[in-house]
Amino acid sequence: RRYVYAYAYRLLYGAVRRQLAAFRDGFLAVCGGAALGLFTADELELLVCGRDELRLAVLRATTTYGNGLHAQHVAVERLWRVLERLSHEQQRAFLLFVTGSDRVPIDGLGALRFQVKGAGGDTERLPTAGTCFNTLHLPDYATEDKLAAKLAVALQHATSFGLL
């Protein structure tokens, strides 16, 4: 029993003691102070990591459009239908693709300032994203199936900074 405890302690703490200390020191340098004690562990996680829930209706209601697109444009309507059919994991991949993070901001998706901009007519190119500005550059694909296929490839091959 002592051996198992000692082994687990070494594995979970001892082996990463220096890294944990560096993380703690950095975190406290940025977020330290008396106010830190006002939060529970769950509240701190929410502040640092954001929300997990994805409510596309909220995102859709606050999205702005440009480069010839508007809320009733056929390409935009197709996009929202495709996004609604995605699994939760795929929707998070989409959020990662367009923002650089798969987490919802603490204020919710309505605070995201998401933009969808036109990127020309029907093409074989994939949709692209500008993560610094939460922008999706969306070609006007000829069909919803083509949009779904191109978006799936883009999401599958998207990478991020991997901070969380």
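The values are calculated or read from the model by the stated rules, or taken from the named source; none is laboratory data. All values reported here derive from a predicted model rather than from experimental measurement. Here Cβ is always computed from backbone atoms with ideal geometry, including for glycine, and neighbour counts include all displayed protein chains. Calculation scope for accessible area: heavy atoms of the full protein, side chains included, ligands and nucleic acids excluded. Shrake-Rupley method; radii C 1.70, N 1.55, O 1.52, S 1.80 Å.
Quick notes on this one:
- In this structure, the amide hydrogen of Leu138, modeled 1.01 Å from its nitrogen in the peptide plane, lies closer than 5 angstrom to those of Lys117, Gly118, Ala119, counting only residues at least 5 positions away or on a different chain.
- Here region 13-164 is assigned +1 on the Cβ of each Lys and Arg and -1 on the Cβ of each Asp and Glu. Its dipole about the Cα centre then comes out at about 240 debye.
- Here the chain exposes an accessible surface that is 58 percent carbon and sulfur, computed with a 1.4 Å probe and the other protein chains kept in place.
- For the chain, the residue among Cys31, Phe114, Leu20 whose Cα projects farthest onto the positive side of the dipole built from Cβ charges is Leu20.
- For the chain, the solvent-accessible area of protein heavy atoms averages 65 Å² per residue (probe radius 1.4 Å; ligands and nucleic acids excluded).
- In this simple spin-label approximation, Arg2 and Asp42 carry label points 7 Å from Cα along the Cα→Cβ vector, and these lie 3.9 nm apart.
- Dimensions of region 1-142 along the principal axes, based on C-alpha atoms and rounded to the nearest Å, stand at 66, 35, 22, largest first.
- Descending by average beta-carbon neighbour count within 10 Å, the peptides 3-13, 110-120 line up as 110-120, 3-13, the highest first.
- Packing, as the average of other Cβ atoms within 10 Å across residues, places the peptides 82-91, 36-45 in the order 82-91, 36-45, highest first.
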